[in-house]
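Colleague: Let me give you the structure first, and then I'll get to my questions.
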Amino acid sequence: NFLKVSAACPITNVADVEFNVKNIEKCIDLAAKESVKLIVFPELAVTSYSCGDLFTQSQLLKKAMEGIKNLCDYSVGKDLLIAVGAPFAYNYTLYNCAYIIFEGRLLGIIPKQAIPNYSELYEKRWFSAGNHLVDEKVDLDFQTSVPFGTNLLFKTGAFKFSFEICEDLWVTIPPSSYLS
């Protein structure tokens, strides 16, 4: 009754989606060999966290979505749930999101709710908080009607889970308090 979980930290290059996805795939392969059932990657792993103003470039956002599609395709036959970070543009607003992938499908996209803006963190320059996004559905080039929101729960057997992204954990009442 245990679920084997892995936290991965792939080598990434700033804004080099193809390089980053290849290294994410290497981590997926290693996890699959170890019978891992859930692998979690860092926020914005597809693009790298430190893209700065490149996050406003449509070319990077398009490449990021191609990277997510490639990871969906790569996940087929792996019996491994993948949570990976990438930006997502929705209704002319940019969100820092976790993409949940299993067996070739995107099960959901969860936006970060608490956007840090202190010390070396100034995400509010590029990203918006996703607090208001609940029970949305989005159509992508490669999949339609993908659940998008902060209230997504996933289930495998008797185990239910969701995701919160970095700063979300540090707020007074983290999203996990409501999701539980």
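The values are calculated or read from the model by the stated rules, or taken from the named source; none is laboratory data. The structure presented is a predicted model; accordingly, all values stated were derived computationally and were not measured. Virtual Cβ from ideal backbone geometry, glycine too; neighbours counted across all protein chains shown. Keep in mind that these areas ignore ligands, DNA and RNA; they rest on the heavy atoms of the full protein, side chains included. Shrake-Rupley method; radii C 1.70, N 1.55, O 1.52, S 1.80 Å.
Colleague: Using a 1.4 Å probe, what is the accessible area per residue for the range 32-175, in Å²?
Modeller: Per-residue accessible area for the range 32-175 comes out at 50 Å².
Colleague: Cα to Cα, under 12 Å, and not fewer than 8 places away if on the same chain: which aspartates and glutamates meet these conditions relative to Lys112?
Modeller: Here the aspartates and glutamates satisfying the reach criterion relative to Lys112 are Glu43, Glu123, Glu164, Glu167, Asp168.
Colleague: Where a ≥ b ≥ c are the square roots of the eigenvalues of the C-alpha gyration tensor, would you call the range 1-81 rounded, which needs a/c under 1.5, or, failing that, prolate if a/b is larger than b/c, or oblate?
Modeller: Verdict is prolate for the range 1-81.
Colleague: I've got another one for you. Show me, for the range 116-121, the HN-Hα J-couplings you get by feeding each phi into the Karplus relation (A = 6.51, B = -1.76, C = 1.60, θ = phi - 60°), rounded to Hz, glycine and proline as x.
Modeller: Per residue, the Karplus-derived 3J(HN,Hα) values read x, 8, 8, 6, 8, 9 Hz.
Colleague: Now for a different question. Report the one residue of Ser145, Ala98, Phe161 whose Cα lies farthest in the direction of the positive end of the charge dipole of the chain (charges on C-beta: Lys and Arg +1, Asp and Glu -1; origin at the Cα centre).
Modeller: Result: Phe161, furthest along the dipole toward the positive end.
Colleague: If I take R0 = 25 Å and measure r between the Cβ atoms of Tyr90 and Gln59 in this structure, what FRET efficiency does the formula 1/(1 + (r/R0)^6) give, to the nearest 0.05?
Modeller: 0.90
Colleague: For the range 49-96 and the range 4-31, what is the centre-to-centre distance using only Cα atoms, to the nearest Å?
Modeller: With the range 49-96 and the range 4-31 each reduced to a Cα centre, they are spaced 13 Å.
Colleague: Got a number for carbon plus sulfur as a percent of the range 69-180's accessible area, 1.4 Å probe?
Modeller: Solvent-exposed carbon and sulfur of the range 69-180 make up 51 percent of the total.
Colleague: For the range 111-180, give the magnitude of the charge dipole about the Cα centre (Cβ charges: +1 Lys/Arg, -1 Asp/Glu; no others), in debye to the nearest 20.
Modeller: Computed about the Cα centre, the dipole is about 160 debye.
Colleague: Using a basic spin-label model with each label point 7 Å from the Cα along Cα→Cβ, how many nm lie between Lys26 and Ser145?
Modeller: The two pseudo-label positions are separated by 3.9 nm.
Colleague: If each residue of separation counts as 0.36 nm, what is the full-extension length gain between Val134 and Thr172 once their alpha-carbon separation is subtracted?
Modeller: Going from the current span to full extension adds 11.7 nm.
Colleague: From the cross-link list Lys22/Lys137; Lys4/Lys160; Lys22/Lys63; Lys22/Lys69, which pairs have alpha carbons spaced over 19 Å apart?
Modeller: Correct reply: Lys22/Lys137.
Colleague: Cut-off 16 Å, label point 7 angstrom out along Cα-to-Cβ of Leu121: give me the residues of the range 5-48 whose amide nitrogen falls inside.
Modeller: Within reach of a label on Leu121, which here means backbone N under 16 Å from a point 7 Å along Cα→Cβ, the range 5-48 contributes 42-45.
Colleague: Rounded to the nearest 20 Debye, what is the dipole magnitude of the chain about its Cα centre when Lys and Arg each give +1 and Asp and Glu each give -1 at the C-beta?
Modeller: 320
Colleague: Please state the shape class of the range 46-180: rounded when a/c is under 1.5, otherwise prolate if a/b exceeds b/c and oblate if not, all from the C-alpha gyration tensor.
Modeller: oblate
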